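The values are calculated or read from the model by the stated rules, or taken from the named source; none is laboratory data. Keep in mind the model is a prediction, meaning the values are calculated, not measured. Glycine also receives a Cβ, built like all others from the backbone with ideal geometry; neighbour counts cover every protein chain displayed. Note: areas computed on protein heavy atoms with side chains; ligands, DNA, RNA excluded. Shrake-Rupley method; radii C 1.70, N 1.55, O 1.52, S 1.80 Å.
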Amino acid sequence: MVGSVENEKIQELPEDFVTTTVDDEVEKKREISLGRNVHTTCHEVSEPDDDDDSTGDREAYMASVLARYRKSLIERTKHHLGYPYNLDFDYGALGQLQHFSINNLGDPFIESNYGVHSRQFEVGVLDWFARLWELEKNEYWGYITNCGTEGNLHGILVGREVFPDGILYASKDSHYSVFKAARMYRMECVKVNTLVSGEIDCDDFKAKLLCHKDKPAILNVNIGTTVKGAVDDLDLVIQKLEEAGFTHDRFYIHCDGALFGLMMPFVKRAPKVTFKKPIGSVSVSGHKFVGCPMPCGVQITRLKHINCLSSNVEYLASRDATIMGSRNGHAPIFLWYTLNRKGYGGFQKEVQKCLKNAHYLKDRLREAGIGAMLNELSSTVVFERPQEEEFVRKWQLACQGNIAHVIVMPNITIEKLDDFLSELLQHRAKWFQDGKLQAPCIASDVGTENCLCASHK
């Protein structure tokens, strides 16, 4: 009968799993702490025994595995702070649809011969986002992607198809998927420096544009960077392009709005992301602020750009300009359901709650003598990296160098933040009690005004 690996000793990662990264400034290798090898804890798949149908042993075994897994999910959800997923959702009403294989393969706007689809929900969601970003129905094209990365891959692909000889510009704080796209599409890519906030350095951007004036520019603009939650100044980016001599027909801008692309429209003082400006595409994640239980995203571009990607597919009796073929037909229904339940007013309340709680966390950290930074318009609180990887993994913090961050989402309450702070302060007292360890200096990451190390207090 199938055995359990629950009590097996967890092995250390083999040496060949260790990887390094290259710091762009000093070209110095730095070891990255990776998670454990999942092969040591995986649930094996084996052939049923001849008597399983009669004894029911296999069904009982699988039920026990799933029960333990559910218990672990509940525990892990309690200590989830470092990644931008909204875990505050209830989709019980949609359980009735889980018995169907819903597939939106091909173009969202043209039905295929496969009839079990949810295009009517998908187009309704796309229309909602097109209105949000001020693009008319007859002027946009888009689709619901399988993840946020796919939105970036598609947006940059459209830019490359519009300008086959264009150069991709992206700040060094851009999501790794942007540089993945450059490798996949064999594009020349220029990394642009950032300010200490994580925002693109527009002076450096202009200087690098002037070095390549002979080629069109394809630019990734961050509507919230991955680590610091910084929002690039779209208007200033466009101004620098124009100052460098790039007319609107010689550049393409993709806006990566993974998390904050859906938060910014509901902040009164925030600059607008809109197709009334000369941008080419916008993408957001559906499993982040919206709270869809499976990874998905929304990609919107101008209809005039998509013809170069579209092709008729006889097998589907449809057209296709997406990156993936089959697409999850359940995701559009989940998004449609949430947009209808919450509406603009509901999202605005959740955004205000997140920003308020993020300021609370930042203030409490600084009161405790812990260096911390919170960008305007952001719910990402950056602070000094905890000294123990066990603590980092318990609270599922995202780390980079000497800093870590908490992303305050709608499901993160003041009570949960207080629990985190209490445990952090207890551990911190132990880490630094004998004076051998000192709190790291994070001035280069967050600025001297936000660092509370011994040199900057």
(request) Can you tell me the dipole magnitude for segment 190-346 around its Cα centre, using point charges on the Cβ only (Lys, Arg +1; Asp, Glu -1), in Debye to the nearest 20? (result) 440 debye
(message) Here are a few candidate values for semi-axes √(5λ) of the Cα gyration tensor in Å: (1) 35, 26, 21; (2) 35, 34, 22; (3) 39, 25, 21. Which one was actually calculated from the structure I just gave you?
(response) (2)
(request) Please give every one of the aspartates and glutamates within straight-line cross-link reach of LYS288, meaning a C-alpha to C-alpha distance under 15 Å, and leave out same-chain neighbours fewer than 8 residues apart. (result) ASP88, ASP90, GLU150, ASP256, GLU350
(request) Please give the per residue accessible area of the chain, computed with a probe of 1.4 Å over protein heavy atoms only, in Å². (result) 50 Å²
(message) Can you give me the % of accessible surface on the chain that is carbon or sulfur? Probe 1.4 Å, all protein chains present, nothing else counted.
(response) 50 percent
(message) How large is log10 of I(q)/I(0) for segment 345-387 at q = 0.19 Å⁻¹ when the intensity is taken from the Debye formula with one equal scatterer per alpha-carbon?
(response) -0.57
(request) Compare ASP204, ASP57 by solvent-accessible area with a 1.4 Å probe and give them largest first, with all protein chains kept in place. (result) ASP57, ASP204
(message) To the nearest 20 Debye, how big is the dipole of the chain about its Cα centre, given +1 on the beta carbon of each Lys and Arg and -1 on that of each Asp and Glu?
(response) 1580 debye
(message) What distance in nm separates the two pseudo spin-label positions at ASP249 and THR274, each 7 Å out from Cα along the beta-carbon direction?
(response) 2.5 nm
(request) Please work out how much accessible surface ARG36 shows to a 1.4 Å probe, ignoring ligands, DNA and RNA, in Å² rounded to 10. (result) 150 Å²
(message) Suppose a student asked you for the relative contact order of the chain, using Cα pairs under 8 Å spaced at least 6 residues apart; what percent would you report?
(response) 18 percent
(request) Looking at the chain, send over the antiparallel percent of its DSSP beta bridges, to the nearest 5. (result) 65 percent
(request) Using a 1.4 Å probe and counting only protein heavy atoms, arrange ASP53, ASP235 so the residue with the most accessible area comes first. (result) ASP53, ASP235
(request) Sort by residue number and report every cysteine in the chain with no other cysteine beta carbon within a distance under 4.7 Å. (result) CYS42, CYS147, CYS189, CYS202, CYS211, CYS255, CYS292, CYS296, CYS308, CYS354, CYS399, CYS451
(request) State which entries of LYS304/LYS342; LYS191/LYS213; LYS272/LYS353 exceed 25 angstrom in Cα-Cα distance in the structure shown. (result) LYS304/LYS342
(message) How much of the DSSP bridge set in segment 181-279 is antiparallel, in percent, rounded to the nearest 5?
(response) 25 percent
(request) Give, in nm to one decimal, the length gained when the segment between GLN352 and TYR315 is fully stretched (0.36 nm per residue of separation minus the Cα-Cα distance). (result) 8.6 nm
(request) Please give the solvent-accessible surface of PHE89 in Å², to the nearest 10, using a probe radius of 1.4 Å with every protein chain present. (result) 80 Å²
(message) Please list GLU59, GLU314, GLU423 from largest to smallest accessible area, probe radius 1.4 Å, with all protein chains kept in place.
(response) GLU314, GLU59, GLU423
(message) Using only DSSP helix segments of four residues or longer, with each worth -39500 (n - 2.57), what per-residue ellipticity at 222 nm results for the chain after dividing by its residue count and rounding to 500?
(response) -10500 deg cm²/dmol
(request) Starting from the Cα of LEU236, step 7 Å along the direction of its Cβ; do the same at LYS180; then give the gap between the two resulting points in nm. (result) 2.9 nm
(request) Report TYR85's accessible area, 1.4 Å probe, all protein chains in place, as a number in Å² to the nearest 10. (result) 80 Å²
(message) If you average the C-alpha positions of segment 381-412 and of segment 416-457 separately, how far apart do those two centres end up, in angstrom?
(response) 12 Å
